[in-house]
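First comes the structure, then the notes that go with it.
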Amino acid sequence: MSAPARPSIAIYIHWPWCAAICPYCDFDKQATDFRLADAYIGALIAHLHAESSRAVHSIYLGGGTPSLLRPDRLRHIIEACRAQMDVLPDCEVTLEANPSDIVPHKVEAYLQAGVNRISLGVQSLVDEELRFLGRRHDAAKAVRAALAVRETGCENLSLDLMYGLPGQSEADLQRSLDGLIDLDPAHLSCYALTLEDDTPMGDDVAAGVLKLPEDEVVAASYELIQSRLARTSLDQYELSNWARAGRQAIHNLTYWRNGEWLGLGAGAAGSIAGLSYKRHPLVTGYIASAARGDPAYGWEEPWTRESQMRDTVMLGLRLAEGVSDRDFRDRFGCTLTDYCTDRLDDLVAAGVLIWKGDRLALAPSRYFVSNAVIADLLP
Ligand code: SF4
C-alpha cells in the first residue's frame with residue numbers, strides 16, 4: 001500500500017534588508033551590507049533542498065523589505081522554488097511591499113516574475129502618524145502605490161493599518177480606515193502597535209518619554225474598526241484580518257491552521273517534518289552556515305504532539321471558523337473537550353466560546369480579549 005500523500009506546505013522567505021529602520025520594529029532586519037544580496041539568495045536556495053519535492057501552496061516574501069529586491073533576483077528565487085519543489089499551479093505568491101518602492105513598471109516586473117499577491121504596508125493615511133512611525137512614505141505616496149498595483153491588473157492587494165498609536169484620535173483612525181476602504185483592497189490587516197523593550201520606541205516608553213494609549217482606548221479603536229468594516233464587503237476571518245470572499249491569505253491560514261511551513265532566510269522560523277526552528281538571525285552568519293551545508297538553525301526543538309495540540313487550539317481560535325473537533329481528533333486522537341481545561345464548558349455556557357457544528361470558535365465580541373480566553377483553555 002502506498003503511503004498517504006503528505007499535505008502541501010507553505011514557504012516563508014525572509015528578505016532582511018530595509019532602506020531605513022523604523023523605531024518601533026523588532027523584526028530581524030538590517031540597513032547595511034546590501035552587497036551580500038546574491039550570496040544570501042544562494043543560501044536561501046541551498047536550504048530549499050531539505051524539503052525538495054513537497055507540494056507548495058503558498059510562497060510569502062516577507063521582511064525586512066522585500067520590495068527592495070530587484071525583480072530579476074526575485075524571479076531567480078521563485079524559479080528555484082519551482083525547480084526544486086512541487087509548486088502547485090494556483091500557488092499564492094505574496095510580496096510584502098513598502099509604498100515608497102512601488103511604481104507600475106516594477107510591479108509589472110514582479111508579476112511577470114511570478115508574484116500574484118501584493119501586501120502593502122500602508123499603516124496609516126495620516127502624515128503625522130507616518131512620520132511618528134518613521135515610515136519613508138506619506139499618505140499621498142501610499143495611495144499612489146495602491147493605485148499603481150491596481151493599474152497593473154493585480155487585483156489581489158492587501159493593505160495594512162496600524163491602530164493604538166500614541167495620540168491617535170478617533171477621527172484620525174476613521175480617516176485612515178475610510179481611505180483604505182476607498183482603495184477597495186481584497187484584504188485588510190489591522191494591527192495594534194505593540195512595542196518590545198529592545199526598540200527605540202520601547203526604550204522611550206520605559207523611560208517615560210512616550211506613553212502608549214490605555215487598553216480601553218485601544219479596545220475602542222478595535223471596535224470602531226470591526227463595526228466600520230462590517231459595513232463593507234470585507235469579512236473578518238481572523239482577529240486582525242478581513243478579506244473579500246475567496247481572498248483570505250492562504251499563506252497565513254497555514255499558520256493559523258497549524259500546518260507545516262518551511263522558513264528560509266536569516267531569522268526565519270519554520271515548523272515542518274517534526275521540527276520547529278528559527279534560523280540564525282545575522283545575515284553573515286546565515287550565509288556562512290549555509291555555505292558549510294548547515295541548516296543555520298539558531299534555535300530548534302522537536303515539534304511535539306503536545307506543542308502541536310497547544311498551537312492548534314491557540315492559533316485556530318484566532319480564526320472566525322474556529323477549530324474543528326473532528327480534525328483535532330483525526331490529528332491527535334482526542335477531542336477538544338478531552339484536551340482543553342474544564343473551563344471549556346463554562347466559557348461555552350457564558351457565550352465566550354461558541355460551538356458551530358463541530359467547530360469551536362471565539363465569540364466575535366471577545367476577539368479583543370482572546371489571549372486571556374485561550375490561556376484559560378490551555379492545560
Ligand atoms: S517595520 Fe518594516 S520597513 Fe520598518 S524596519 Fe521593520 S521591517 Fe523594516
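When the residues of segment 49-91 are narrowed to those that are among the small types (G, A, S) and surrounded by fewer than 21 Cβ atoms within 10 Å (Cβ to Cβ), which ends up nearest to D33 (Cα to Cα)? The residue in question is G62. Figure legend. Inter-residue proximity from segment 154-177: first residues in the same structural domain as K106 (by TED's automatic domain parsing), second residues acidic (D, E), beta-carbon distance below 7 Å, spacing 6+ or different chains. Indicated pairs: L165/E129; Q168/E129; D172/E129.
Of the candidates H49, H105, the single residue that is free of Cβ contacts under 8 Å to residues at least 24 places away in the same chain and in the same structural domain as A186 (by TED's automatic domain parsing) is H105.
Listed here are the residues, each with its yes/no results for (1) within 30 Å of Q236 (Cβ to Cβ); (2) modelled with pLDDT under 95.
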| site | (1), (2) |
| --- | --- |
| L264 | no, no |
| G270 | yes, no |
| A273 | no, yes |
| S276 | yes, no |
| A288 | no, no |
| E300 | no, no |
| R310 | yes, no |
| D325 | yes, no |
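Counted as qualifying within segment 100-197 are the helices (runs of 4 or more DSSP H) with 2 or more residues that are surrounded by 20 or more Cβ atoms within 10 Å (Cβ to Cβ) and more than 16 Å from the ligand (Cβ to nearest atom), namely 104-113, 139-151, 170-182. Look at segment 11-40: where a residue is closer than 19 Å to D203 by Cα and a partner is buried (at least 20 other Cβ atoms within 10 Å of the Cβ) and polar (S, T, N, Q), sitting 6+ places away or on another chain with Cβ atoms under 8 Å, you get K29/T65. Being within 16 Å of the ligand (Cβ to nearest atom), over 19 Å from A249 (Cβ atoms), in the same structural domain as Q226 (by TED's automatic domain parsing) and in contact with a strand residue (DSSP E or B) (Cβ under 8 Å, 6 or more places away or on another chain): is that true of E96 here? Spelling it out, it is not the case that E96 is within 16 Å of the ligand (Cβ to nearest atom), over 19 Å from A249 (Cβ atoms), in the same structural domain as Q226 (by TED's automatic domain parsing) and in contact with a strand residue (DSSP E or B) (Cβ under 8 Å, 6 or more places away or on another chain).
Annotation note: Cβ proximity below 6 Å between a residue of segment 201-218 that is farther than 15 Å from S169 by Cβ and a residue that is surrounded by 14 or more Cβ atoms within 10 Å (Cβ to Cβ) and of a type in the set (S, T, Y) (sequence gap 6+ or interchain) occurs for M201/Y24. Of all residues in segment 212-232, none satisfies the criterion of being over 14 Å from C190 (Cβ atoms) and touching an Asp or Glu at 6+ places or on another chain (Cβ under 9 Å). The residues of segment 1-39 that are buried (at least 16 other Cβ atoms within 10 Å of the Cβ), closer than 29 Å to G259 by Cβ and away from the ligand (no atom under 16 Å from the Cβ), listed by number, are S8, I9, A10, I11.
The values are calculated or read from the model by the stated rules, or taken from the named source; none is laboratory data. Quick caveat: nothing in here was measured; it's all calculated off a predicted structure. Positions of Cβ are backbone-derived with ideal geometry, glycine not excepted, and every protein chain shown enters the neighbour counts.
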